Amino acid sequence: MTRAVSKRPASLTRRLILWLTLGASGLWLCGALAAAAILQHQLEAAFDAGLRETAERLLPLAAESIDGGARDSDESHEIPVFDARDGEYIVYQVRNTKGQILVRSYDAPLEPFNAALANGFSEDDGWRVLTIGTPDGRLFIHVAEQISHRAETLFGSIATLILPIAALIPLSGIGIFLIVRAALRPLTAFSAEISRRDARNLAPIETGSLPTELAPTGAAVQALIARLAAAFEAERSLAANSAHELRTPIAGSLAQTQRLLAELKGQPAEARARQVEDSLRRLRRLSEKLLQLARADSGMSSAAEPRDLLPALRLVVDDARRPMANPRRLTLDIAADASLLSPVDVDAFGIAMRNLLENALVHGDVTMPVTVSVPADRIVTVTNAGPPVAPDRLALLTRRFERGDTRAEGSGLGLAIVDQIMNNAGGELRLASPAPGRTGGFEARLILPEADHVVTGDLKT
Amino acid sequence: MRILLVEDDEMLGGALRDHVAAEGHAVDWVRRIDDAGHAHVTVAYDLILLDLSLPDGRGLDFLKRLRRRGDTTPVMILTAMDQLSMRIDGLNAGADDYLVKPFDLSELMARLGAVARRYAGNPNPLVTIGPLDIDQANRTASIEGRRLDLTAREWAILERLAQRPGMLVSRPQLEDALYAFGAEIESNAVEVYVSRLRKKLGVSLIQTARGLGYRLATE
């Protein structure tokens, strides 16, 4: 069994900070390495120049000293040393053509350097050696410096160059983070604004403060939202206009048929006219439900601004009572201070409530009361008496064209319409049977979505 | 009652006119708002049945103009627009009732009667004056429990008188009630039908205020 792993989308901010810091550090490092290379070259040249200068100054002195010594004493003697100081950087040996060391500095090796007795640089066992001979070719001087000393000096210089960079990397990282965050703030705000847009909220996005680079995107998103809103509006208008265009001919046909019935009273054709009337009533009911469903599907359930739907609820209940032989059968109970302030479209709420009331009045026990109550903020319940609905049937009632165990006429769409409206609006329809606190009956509970923000101003009725 | 029907759909309008007239009311049927305006200026209607979508404008604007003028004629909106928001707009504009198409003619008549009674100051459809019981909802009348057989014209006169028992109803108002039964009202038509009613109800129930009109006795 494979397990889907959801990959977290990469953060643009994080990526920018990482790459900018790495890039800056890399460039600094490259710069430092190039500087080190140049420094090495310069140091080598400087050290070599130092050796040459030393050799050229020492050689005449050494020659003179050797020539004088030879005159004063005889040829064989101990090799004299010039200086007894410790820790020389530069050492030398003065040799004759036989290769014997005639003079050497204190730290110079006792054995002669393995360098040819010819002018020029050479390297010998960790030494950088410069050899210069006297013009007559009798004497040669090796001036040498340990290569490790040069390396130490070079590494010391490079370290001085690079170490501050290592300390600067975290600081530059923090700086880049702050700059990137500030620079991306309009993008973050823009992104948050877009993420708040959905079928329920297609309000225009504030694009005035967007930077030049984002302005075209902002304008495109704005245009897209406007088109989407217009498409939704067109769909709603189509549903509403279709309702108008369909209802008027049905109304005309039904009214003419009922007139015909009145005029045919007692005649054989009356029964036929009655059948036409029944068909027209069924057509009226079904078309009504299909139009409601079309409107619920068109996403008309949400309102841009929240409103208190209590006046609408009272109106729907009054409407339902009007044709009732016993209007007292339908009661409305609103808890003190309860409000139905919610961003649900008032027409969608009206459709939902009409369906719930029709359901309760027609499919329940017609001799028992139906109660509409608002027990708390944003909750409406419609309760009717009747035998309990089996749990498996209850779960199916919000499906389209699914009918309960009832003999009353119905389309099987009522609760599906309510469910669709609540889903679109971000609310919920809950069905319970038996009704809570009873042994039978049925309760439909609407849980309206909470308002993100409150706009004052109620419906007037 | 004299009713102005403003409806542009021929099929529905024709059926409504015939049905309302058959129920004993006088109906003037117009199909446009400007015609409704002219008709309303020349005739004092008891009730207006108003469609909202008309060829020359919105019925709601016509209603608002009426109310702005202080006209209190009862208005019942007949519309194919079932949105609650439009209904609320209609009621806020001053409509007395709002019926969504398609509707049953019986429901229309019940609502129409309820609105008319509400305006007459007596929302109760049952009127009892001594031995006379009038059921305005079911359009029946009885004396001491004995149901009376009234013609549509006789009912039209009785209904108008029963809207405000004890109050004087002028002869032209009664003529308006009879208007549905013929374009030409004969000059003595009101006297003829009042006379016939008196024969069925008893002479004392309908009183004559000479030169002014008639009233339904309350004692």
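All of the numbers you see were taken from the coordinates with simple rules; none came from a lab. Small disclaimer: the values here were computed from a predicted structure and weren't measured. Cβ sites come from the backbone with ideal geometry, for glycine too, and all protein chains shown count toward neighbours.
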(Q) At a threshold of 8 angstrom on Cα-Cα distance, excluding pairs fewer than six apart, so keeping six or more, what relative contact order does chain B reach in percent? (A) 17 percent
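Only bridges whose two residues both fall in the protein assembly as shown count here: according to DSSP, what percent of them are antiparallel, nearest 5? Don't skip to the answer; put the middle values down first.
Values: 60 of 83 bridges.
Taking every DSSP beta bridge with both residues in the protein assembly as shown, the antiparallel ones total about 70 percent.
Take the alpha carbon atoms of region A:301-460, find their radius of gyration, then divide it by 2.2 N^0.38 Å using N residues; give the quotient.
Working: Rg = 15.1 Å, N = 160, 2.2 N^0.38 = 15.1 Å.
Compactness ratio reported: 0.99.
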Q. Out of residues 5 or more away from B:VAL27 or on other chains, whose amide H comes under 5 Å of its own, with H placed 1.01 Å from N in the peptide plane?
A. B:ILE3, B:ALA180
(Q) Explain nothing, just compute: Karplus ³J(HN,Hα) = 6.51 cos²θ - 1.76 cosθ + 1.60, θ = phi - 60°, for every residue of region A:147-160 in order, whole Hz, x for Gly and Pro. (A) 4, 4, 5, 4, 4, 4, 4, 5, 4, x, 5, 5, 4, 4
Q.
I need the calculated FRET efficiency for the pair A:SER237 and A:SER11, taking r as the beta carbon distance and R₀ as 56 Å, to the nearest 0.05.
A. 0.85
Q: Compute from the Cα atoms of region A:12-154 the Rg and the Dmax, the latter being the longest Cα-Cα distance, and quote both in angstrom.
A: 22.4, 87
(Q) Apply the Karplus curve 6.51 cos²θ - 1.76 cosθ + 1.60, θ = phi - 60°, to the phi angles in region A:430-439 and return the couplings in whole Hz, x for Gly and Pro. (A) 10, 10, 9, 8, x, 4, x, x, 10, 8
Q. What list of ³J(HN,Hα) values in whole Hz, one per residue of region A:91-104 in order, does the Karplus curve 6.51 cos²θ - 1.76 cosθ + 1.60 (θ = phi - 60°) give from phi, with Gly and Pro shown as x?
A. 10, 8, 9, 10, 10, 8, 5, 7, x, 6, 7, 9, 9, 8
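Provide Rg over Rh for chain A; use the alpha carbon set for both Rg and the Kirkwood Rh (inverse mean inverse pair distance).
Working: Rg = 50.1 Å, Rh = 32.3 Å.
With Rh from the inverse mean 1/r over Cα pairs, Rg/Rh is 1.55.
Tally Lys and Arg at +1 and Asp and Glu at -1 over the other residues with C-beta under 15 Å from the C-beta of A:THR207: what net charge comes out? Show your work: numbers first, answer last.
Working: positive: A:ARG185, A:ARG196, A:ARG197; negative: A:GLU193, A:GLU206, A:GLU213.
Counting the neighbours of A:THR207, the net charge comes to 0.
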**Q.** Average partner coverage of B:88-98, which counts Cβ from other chains inside 10 Å
**A.** 2
Q) By what distance, in whole Å, do the Cα atoms of chain B stretch along each of the three principal axes, largest value first? A) 50, 33, 32
Q) Roughly how tilted is helix A:12-72, in degrees to the nearest 10 and between 0 and 90, from the longest Cα axis of chain A? A) 0 degrees
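With r as the distance between the Cβ atoms of A:GLU56 and A:ILE169 and R0 = 45 Å, compute the FRET efficiency 1/(1 + (r/R0)^6) and round to 0.05. If you can, show how the numbers build up before the last one.
Values: r = 47 Å, r/R0 = 1.03.
Efficiency computed from Cβ-Cβ geometry: 0.45.
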Q) Full extension from A:ALA45 to A:SER122: what is 0.36 nm times the residue separation minus their Cα-Cα distance, to one decimal in nm? A) 26.3 nm
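Starting from 0.36 nm per residue, how many nanometres of slack lie between A:ALA183 and A:ALA395 once their C-alpha separation is accounted for? Numbers along the way, then the final one.
Working: separation 212, 0.36 × 212 = 76.32 nm, distance 5.22 nm.
Fully extending the segment from A:ALA183 to A:ALA395 adds 71.1 nm.
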**Q.** Helix B:10-22 axis, angle to chain B major axis (alpha carbon atoms, nearest 10°)
**A.** 20 degrees
Q) For region A:109-230, what's the radius of gyration and Dmax over Cα atoms, in angstrom? A) 35.7, 106
Q: Please report the relative contact order for region A:197-298, taking Cα pairs under 8 Å with a sequence separation of at least 6, and give it as a percent rounded to a whole number.
A: 30 percent
**Q.** Other-chain or far-sequence residues with amide H under 5 Å of A:ALA435's (modelled H)
**A.** A:GLY440, A:GLY441, A:PHE442, A:GLU443
Q.
Quick check: net charge around A:PHE47, other residues with Cβ under 13 Å of its Cβ, Lys/Arg +1 and Asp/Glu -1?
A. -3
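Please compute the length gained on full extension between B:GLU107 and B:SER204, using 0.36 nm multiplied by the number of residues separating them and subtracting their Cα-Cα distance.
Values: separation 97, 0.36 × 97 = 34.92 nm, distance 3.48 nm.
Roughly 31.4 nm would be gained on extension.
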Q) Quick one: if the Förster radius is 25 Å, what FRET efficiency do B:GLU10 and A:ASP365 give, using the C-beta to C-beta distance and rounding to 0.05? A) 0.05
Q | log10 of Debye I(q)/I(0), alpha-carbon scatterers only, for region A:197-298 at 0.15, 0.17, 0.20, 0.24 Å⁻¹ | A | -0.74, -0.83, -0.96, -1.14
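How big is the dipole moment of region A:12-154 about its Cα centre under a simple scheme where the beta carbon of each Lys and Arg is +1, that of each Asp and Glu is -1, and everything else is neutral? Debye, nearest 20, please.
Working: 12 positive and 21 negative charges, 202 e Å.
Value, rounded to 20: 960 debye.
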